[in-house]
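This is the structure, below, for whatever I ask next.
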Ligand SMILES: Nc1ncnc2c1ncn2[C@@H]1O[C@H](COP(=O)(O)OP(=O)(O)OP(=O)(O)O)[C@@H](O)[C@H]1O
Ligand SMILES: [Mg+2]
């Protein structure tokens, strides 16, 4: 009976304890084998390290040996330090520290040395499992050498780009500096040119004045010295009894000489007064507000004798309401010159024609005045020269060539505007003035209220 009891107990022990334990061990072995297979098949380099023996037992998978180029034999039991894989010894220390603390490691970039001594960068991941008898760490390495190289390339490229931008900026600054230097020299050259042009114009004016005055004064001098000779002869002759015929001759000669003298001196006086007008004396010009059409009526009225002598009709089409705050005196002089020129130069003495004067406002601040005739017009080659001093096509016939020069001076000076000349294909000449409705104030002059 006792033996039966023992047999039953042994059978029960076998069914309930030993058999389940044996199956559990078998399952465990199968799991481990499975895990080991998966570990070996991983395409990423992996290391499985046990901490029971100070992390000296480790397993590396095929991908690891492929990545680092070490043979399984001879190196599978040697640690990374023993294989001399750490580029930076501090990384080995850091690895040891983290392992001791069992801190998970994520994306830790380390540089390692392969079997062929080439260096590669890896991103290191490590995880720990703590069991009853041991701590296990499984780590994975991802090769990031190419990625880091690409990053470095981008950084290098950036630096190169920055260097290039810096270089370009420097070049641009240098070019800019050169340009501003060139501009300064250009301005200086321009100033010199303006200065020399002014001097040349002054020279031409002085030469012209001398030339123009030379004829009447020279004529006057010749006649005066001949009169002096004749008077001396007459004085000598007068010591003896005088013949009537001698006296008559002396009187005739004296009258003729005086006549020539008066004519030449008047010509000289006229020229001098013209020259005076060239430099328009602003101080003698009254500034005031006036109606343009009224001023034109006055001008036409004063020119009436000349207009009547010609066969021309002068038409003014200026509507009331165009008011200017300007210098009516100089503006009147400008219009007189232009109309007079049209009558004198536009038409032959027996030719009939028209002179039209019109005006219209341009915007709120300017007025355009046109003086146009339908006469012979101005030769294209003369158009650029008509405003030059002493340019005239009536030399020796009363023309001094100063009229339009005075016009130009007044318009661009005291009136603050501009004047243009056209000789349209249809014939005739046209002068266009563009003037501000309010003439500029001249800082060097007293105001109109000061009665200047
Ligand atoms: N309306 C015009 N038609 C044709 N030619 C003109 C006209 N106005 C001016 N000119 C030309 O321009 C030249 C210069 O005119 P400007 O008034 O300066 O001198 P001028 O009339 O000859 O002499 P000044 O006016 O000094 O007596 C004239 O000689 C003439 O050739
Ligand atoms: Mg003239």
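The values are calculated or read from the model by the stated rules, or taken from the named source; none is laboratory data. Computed from a predicted structure; not experimentally measured. Here Cβ is always computed from backbone atoms with ideal geometry, including for glycine, and neighbour counts include all displayed protein chains.
Please determine whether any residue of region 365-378 is near ligand 1 (Cβ under 8 Å from one of its atoms) and either outside the structural domain of residue 292 (by TED's automatic domain parsing) or over 21 Å from residue 351 (Cβ atoms) (or both).
Looking for residues that are near ligand 1 (Cβ under 8 Å from one of its atoms) and either outside the structural domain of residue 292 (by TED's automatic domain parsing) or over 21 Å from residue 351 (Cβ atoms) (or both), one finds none in region 365-378, hence no.
Looking only at residues in region 375-402 that are over 40 Å from the mean Cα position of the chain (by Cα) and more than 19 Å from residue 216 (Cα to Cα), which one is nearest to ligand 2 (Cβ to nearest atom)?
393
Hey, another quick one. Which of (1) under 30 Å from residue 412 (Cβ atoms); (2) surrounded by 12 or more Cβ atoms within 10 Å (Cβ to Cβ); (3) at pLDDT 85 or above; (4) touching a helix residue (DSSP H, G or I) at 6+ places or on another chain (Cβ under 9 Å) does residue 264 not meet, given it meets every other one?
Every condition holds for residue 264 apart from (1).
Within region 125-161, count every residue that is more than 58 Å from the chain's Cα centre (by Cα) and touching a residue at least 24 places away in the same chain (Cβ under 8 Å). If you could, list the steps in order and put the result at the bottom.
Residues of region 125-161 that are more than 58 Å from the chain's Cα centre (by Cα), as a first pass: 125-141.
From what is left, the residues that are touching a residue at least 24 places away in the same chain (Cβ under 8 Å) are 126, 128, 130, 133-141.
Total satisfying the criteria: 12.
With respect to residue 318, is the statement that it is assigned by TED's automatic domain parsing to the domain that holds residue 414, in contact with a strand residue (DSSP E or B) (Cβ under 9 Å, 6 or more places away or on another chain), surrounded by 14 or more Cβ atoms within 10 Å (Cβ to Cβ) and within 18 Å of residue 403 (Cα to Cα) true?
It is false that residue 318 is assigned by TED's automatic domain parsing to the domain that holds residue 414, in contact with a strand residue (DSSP E or B) (Cβ under 9 Å, 6 or more places away or on another chain), surrounded by 14 or more Cβ atoms within 10 Å (Cβ to Cβ) and within 18 Å of residue 403 (Cα to Cα).
Hey, another quick one. Give region 329-359 a look and list any residue that's away from ligand 1 (no atom under 11 Å from the Cβ) and over 44 Å from the mean Cα position of the chain (by Cα), or say none.
Selection gives 348, 349, 350, 351, 352, 354.
Would you tally the residues in region 358-374 being assigned to a strand (DSSP E or B) and either near ligand 2 (Cβ under 10 Å from one of its atoms) or more than 30 Å from residue 325 (Cβ to Cβ) (or both)? Before the answer, list the steps.
Initially, region 358-374 is screened for residues assigned to a strand (DSSP E or B), giving 358-362, 366-373.
Now drop any that are not either near ligand 2 (Cβ under 10 Å from one of its atoms) or more than 30 Å from residue 325 (Cβ to Cβ) (or both), which leaves none.
So the answer is 0.
Let me confirm something: among 118, 139, which residue is modelled with pLDDT of 90 or more and touching a strand residue (DSSP E or B) at 6+ places or on another chain (Cβ under 6 Å)?
139
Mind telling me which of the residues 345, 405, 422 ends up being within 12 Å of ligand 2 (Cβ to nearest atom) and touching a helix residue (DSSP H, G or I) at 6+ places or on another chain (Cβ under 9 Å)?
On the way: 345 fails: touching a helix residue (DSSP H, G or I) at 6+ places or on another chain (Cβ under 9 Å); 422 fails: within 12 Å of ligand 2 (Cβ to nearest atom).
Checking each option against the conditions leaves just 405.
Evaluate region 396-414: report whether one residue or more is at pLDDT 90 or above and in a loop (DSSP other than H, G, I, E, B).
no
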